[in-house]
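The values are calculated or read from the model by the stated rules, or taken from the named source; none is laboratory data. Bear in mind that the values here come from a model prediction, so they are computed numbers and not experimental data. Virtual Cβ from ideal backbone geometry, glycine too; neighbours counted across all protein chains shown. All accessible areas refer to the heavy atoms of the entire protein, side chains included, with ligands and DNA or RNA removed. Shrake-Rupley method; radii C 1.70, N 1.55, O 1.52, S 1.80 Å.
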Amino acid sequence: MKAFASDNYSGVHPEIMEALIRANAGHMGSYGSDEITTRTKKLFENIFGAGSEIFFVYNGTGANVVGLSALTKSFNAVICSDLAHINVDESTAPEKFLGCKLIDVPTTDGKITPEQIVQKIIRVGDQHHPQANVISISQTTEYATVYTVEEIKALSAVAKKHNLYLHMDGSRISNAAVSLNTDFRSFTRDAGVDVLSFGGTKNGMMFGEAVVIFNPELAKDAYYLRKQGMQLHSKMRFI
């Protein structure tokens, strides 16, 4: 039987199992000070460009929380689709660890538009109201719809105009790349995304995701945030 209710139902890709066995040979440095992690970070830098900061974590919720933590203070708000994973399927993890309010935008296909976002940016500077600081989108969305490069650039333009950051939940980012028939960088960093959750678990891995931060200034606290969020894996070579 093949079940398509969730891409988490499938097993681990055979090549991933082989890689885990290879990584199991001998002793290596812990907490990311191993040659496999170093090599993998360089691969990410080759894909996304110099200056990209890479943080490996356990799971998608952890990736989103760590990534959003680098962008927010507890009095901020995150604007997202009402169908977004952070709003529907991550319990209250974002609210608990960020201390932020999620402001959800009603959608039918999981995609939000610049016009909808502008309507949610209200009471700026009002100490009685949460201050919008991040736009979070899913690529692909939970409904398998895909933002085009132009759509992401339009969202980024709104973010910059209103001094917000753009976060991308890319738990299924490989599906988006295939659908768009383009490279990862063109619809992330080059399109104006500030922080990316790069998915592995839903693409054949046993576990593991990456938080990719494109602005080194935003990354300076991420090491501490990852540890505080219980996402720092001691035997990181296996991620």
Enumerate the whole-percent occupancy of each 5 Å bin, from 0 to the last occupied one, for all C-alpha pair distances of segment 110-214. 2, 13, 23, 23, 17, 11, 6, 3, 1, 0
With springs connecting C-alpha atoms under 10 Å apart, model the chain as a Gaussian network and identify which of ALA132, ALA70, ALA144 has the largest mean-square fluctuation. ALA144
Under a straight-distance cross-link criterion of Cα-Cα below 20 Å, which lysines are reachable from LYS153, leaving out those fewer than 8 residues away in the same chain? LYS111, LYS120, LYS161
With springs only between Cα atoms under 10 Å apart, run a GNM on the chain and tell me which of MET168, MET28, MET205 wobbles the most. MET28
Of ILE213, LEU225, ASN163, which is farthest towards the positive pole of segment 114-236's charge dipole, taken about the Cα centre with +1 and -1 on the beta-carbons of Lys, Arg and Asp, Glu respectively? LEU225
Accessible surface, the chain, averaged per residue in Å² (probe 1.4 Å): 51 Å²
Amide H of LEU166 versus every other amide H placed in the peptide plane: which residues, excluding those fewer than 5 positions away on the same chain, fall under 5 Å? ILE135, ASP194, VAL195
Taking Cα centroids, how far is segment 88-121 from segment 189-212 in Å? 19 Å
Taking the chain as a Gaussian network, where each spring joins two C-alpha atoms under 10 Å apart, which residue of LYS161, LYS96, LYS202 fluctuates the most? LYS161
Do any chymotrypsin sites (Phe, Trp or Tyr not before Pro) in segment 39-140 lie in a DSSP loop with no more than 15 other beta carbon atoms within 10 Å, and if so, which? PHE75
Using only the Cα atoms of segment 60-161, what do you get for the radius of gyration and for Dmax, in Å? 13.0, 38
Magnitude of the Cβ-charge dipole of the chain, K/R +1 and D/E -1, about the Cα centre, nearest 20 debye? 460 debye
HN-Hα couplings for segment 17-34 via Karplus (6.51, -1.76, 1.60; θ = phi - 60°), in whole Hz with x for Gly/Pro, come out as 4, 5, 5, 5, 5, 4, 5, 7, 7, x, 9, 9, x, 9, 6, x, 8, 10
Candidates [x] 19.6; [y] 18.3; [z] 20.1; which is the computed Kirkwood radius over Cα pairs in Å? [y]
For segment 165-239, rounded, prolate or oblate, judged on the Cα gyration tensor with a ≥ b ≥ c (square roots of eigenvalues), a/c < 1.5 rounded, else prolate if a/b > b/c? oblate
